[in-house]
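Asks: Sharing a structure with you now.
Just so it is clear, none of the values below were taken in a lab; they were calculated from the coordinates. As the structure is a computational prediction, the values presented were derived from the model and not from experiment. Glycine gets a Cβ as well: all are built from the backbone with ideal geometry, and neighbour counts include every protein chain shown.
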Amino acid sequence: MTHSAATDPAPVRSTPCPAADDAVSPRSEDGRRVSEATYWAEYYDAPDVCYEWNNGLLEEKPVSSYETIAVYKWLMGLLEHFLKVHPIADWVVLEMGFRLALAERVVIRRPDLGVVRHDNPHPLRPGIVSYPGTFDLCIEALSDLRPKDIRRDTVTKRGEYAGGGVPEYYILSHHSEHQTFYTLDASGLYVPLPVTDGLVRSRVLPGFQFRQSDLCEQPDWDSMRADPVYAGFVLPGWTAAEQRAEAEAAARQRAEAELARLRAQIEARKQ
């Protein structure tokens, strides 16, 4: 008896399909020794892996947790509100690199967010893909998956950013014990920014402030408009419009009450 092709059983695969992670994960070249020129030419804009360069070695930039990214996004939004009202600086994300020529080595770092004041001798300009100067503020969302990743942001980069003259450096995390905010002192070393009444106040961006506890609580912008800590730069236009509307409504009520009083007087005279 013969079988048609339609009724023959499908052949059984002898080898398993590759796991999804194996199929899509790019091969890292972390630790590979390359020249600075090769880094800029071949690895700076690598499509799948974000590399930094540490004195001849490629370093893959580790990722942050979802919770820490939420902290980073909230502070980035707050900074955007501030700079709309006080346009004293520009900022970049997407890990734009900058070169730090330190006393003992050269590194290229790519902070999660970099701020450049308008009086910086190297302003941000259209068309650049790396920053030729020194950022006024660097912010890193802590990578805390491994102890060495924590040390990278809290020790290694802290020393590099201080040595390179970055005036302020913030480390963000969803763990409050890992949140740190540094400013350069007169000797060129980082010291913690004073936290008074729970408020962190930037020296690089005068007027920019936030409650440290709000980094994890992340209040919504609408509720912050009435908070004296944020009222000066979070949606002030909305607050002003509401205040005008309330004043106009109060004026209408006063006018209507006065009109009612006059009508009552007129009716009383008729009687």
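Asks: Going by average Cβ density within 10 Å per residue, which order do the peptides 74-81, 60-67 take, highest to lowest?
Replies: Values: 74-81: 17.2, 60-67: 15.6.
Highest to lowest by the protection proxy: 74-81, 60-67.
Asks: What do you get for GluC sites (Glu not before Pro) in segment 133-200 restricted to DSSP loop and a cutoff of at most 15 other Cβ within 10 Å of the site's Cβ? Don't skip to the end; give the middle numbers.
Replies: Numbers: sites: 140, 160, 168, 177; in loops: none.
Loop-located and lightly packed - none at all.
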